[in-house]
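> Here it is: the structure, laid out below.
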Amino acid sequence: MSRGVFITFEGTEGAGKSTLIRQLTRDLKKITRSKTLITREPGGPKVAEKIREILLKEHMDPWTEIFLYEAARAEHLAQKISPALKKGIIVLCDRYADSTLAYQGHARGLPWKTVHTLNHIATQGLKPHLTVFLDIPPAQGLKRATEKNRFERAGAKFQSKVRQGFLRAAKEDPNRWLILKVRGKTPERLSAEIQTVLTRRFSKIFSSKSRTK
C-alpha cells in the first residue's frame with residue numbers, strides 16, 4: 001500500500017490545471033510537512049516524454065493513440081508515481097487514466113469497458129485518492145489554451161465530448177472526484193477548496209503543521 005497521497009487533475013483543454021497545481025503546491029507547504037511531486041501525463045520519465053511528443057503532434061488511429069498512452073502510463077507509474085508514493089510523497093499529476101476514458105473512450109468512441117481494462121492493466125489497478133476535475137465551458141477553455149496541440153485544434157465540439165466523458169467517469173466513482181466550476185474563480189480560491197477536502201479526508205497528513213503550532 002502507498003504511504004503517500006495521489007491527487008490527479010483533469011479537465012478539457014485550457015481548464016487551468018497546470019496553474020492550479022502550482023498554486024496548490026505552494027499552499028500545501030502551509031498545511032503539511034510531506035514532500036510533493038508534480039508530474040504529468042503523458043510524460044514524466046524520459047521514455048514517456050518522448051511518447052508525449054509523438055502523441056501531441058502526430059495524427060494516428062485511435063487504437064494506436066490509446067496504446068501509446070497506456071505505454072507511457074505504465075512507464076510513468078513504474079519510474080515516478082509508485083516510487084514516490086512508497087516514500088510518502090504527495091503526488092500531483094496533471095492528467096491520468098480518466099483522461100483516456102474521456103478522450104479515447106468517449107470522444108474517440110473506443111469501447112468504454114475496453115478502455116477501463118487497458119487503464120487497469122497499465123496502472124496495475126492504482127487509482128488516485130482524489131481526482132480534481134476543473135469544469136469549464138470548452139469554448140472558453142480553448143480561448144485560454146496555449147499549447148496549440150492537435151487536441152486543442154480539434155475544436156470546441158470535440159472538447160464538449162471530452163467534457164461529457166469526464167462527467168461520465170465521475171458518475172462511476174463519485175467519492176473519488178471533486179468537481180470544481182472554474183468560471184469566476186481564481187487559482188487561490190480553487191486551491192482553497194481543494195485544501196478543505198484534503199484536510200477533511202487526510203487530516204493526519206494535511207494538518208500536521210497546524211497541529212504543531
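> So is Arg168 among the basic types (Lys, Arg), out of contact with any Leu (no Cβ under 8 Å at 6 or more places or on another chain) and in contact (Cβ under 8 Å) with a residue 12 or more places away in the chain or not?
No, not satisfied.
> Could I ask something else about it? List the number of the failed condition for Ser82; all other conditions in (1) closer than 21 Å to Gly11 by Cα; (2) out of contact with any Pro (no Cβ under 9 Å at 6 or more places or on another chain) hold.
Just one mismatch for Ser82, condition (1).
> Right, next: Out of the stretch 5-58, which residues are surrounded by fewer than 19 Cβ atoms within 10 Å (Cβ to Cβ), of a type in the set (A, V, I, L, M, F, W, C) and under 16 Å from Gln195 (Cβ atoms)?
The answer is Ile31, and nothing else.
> Looking at the stretch 201-213, I want the residues that are over 13 Å from Ile90 (Cβ atoms) and have a partner that is modelled with pLDDT of 50 or more and in a helix (DSSP H, G or I) with Cβ atoms under 8 Å, at least 6 apart or on another chain. Which pairs are those?
Ser207/Thr199
> Specify which of the listed residues (Thr186, Thr131, Thr212, Thr146) is out of contact with any strand residue (DSSP E or B) (no Cβ under 9 Å at 6 or more places or on another chain) and modelled with pLDDT of 95 or more.
Working: Thr131 fails: out of contact with any strand residue (DSSP E or B) (no Cβ under 9 Å at 6 or more places or on another chain); Thr212 fails: modelled with pLDDT of 95 or more; Thr146 fails: modelled with pLDDT of 95 or more.
The conditions single out Thr186.
Results for (1) under 21 Å from Arg189 (Cα atoms); (2) touching a strand residue (DSSP E or B) at 6+ places or on another chain (Cβ under 6 Å); (3) at pLDDT 95 or above, shown as yes or no for each residue.
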residue	(1), (2), (3)
Lys86	no, no, yes
Cys93	yes, yes, yes
Trp112	no, no, yes
Thr117	no, no, yes
Asp135	yes, yes, yes
Gln140	yes, no, no
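> Under 7 Å between Cβ atoms, which residue pairs at least 6 apart in sequence (or on different chains) link something in the stretch 53-76 that is closer than 19 Å to Lys127 by Cα with a partner that is at pLDDT 95 or above and of a type in the set (Ser, Thr, Tyr)?
Qualifying pairs under 7 Å: Ile66/Thr100; Tyr69/Thr100; Arg73/Thr123.
> Continuing with the same structure: In the stretch 104-113, what residues are within 18 Å of Gln159 (Cβ to Cβ) and assigned to a helix (DSSP H, G or I)?
Scanning the stretch 104-113 gives Gln104, Gly105, His106, Ala107.
The values are calculated or read from the model by the stated rules, or taken from the named source; none is laboratory data. Worth saying up front: this structure is predicted, and the values here are computed from it rather than measured. Note that each Cβ is placed from the backbone with ideal geometry, even for glycine, and that neighbours are counted across all protein chains shown.
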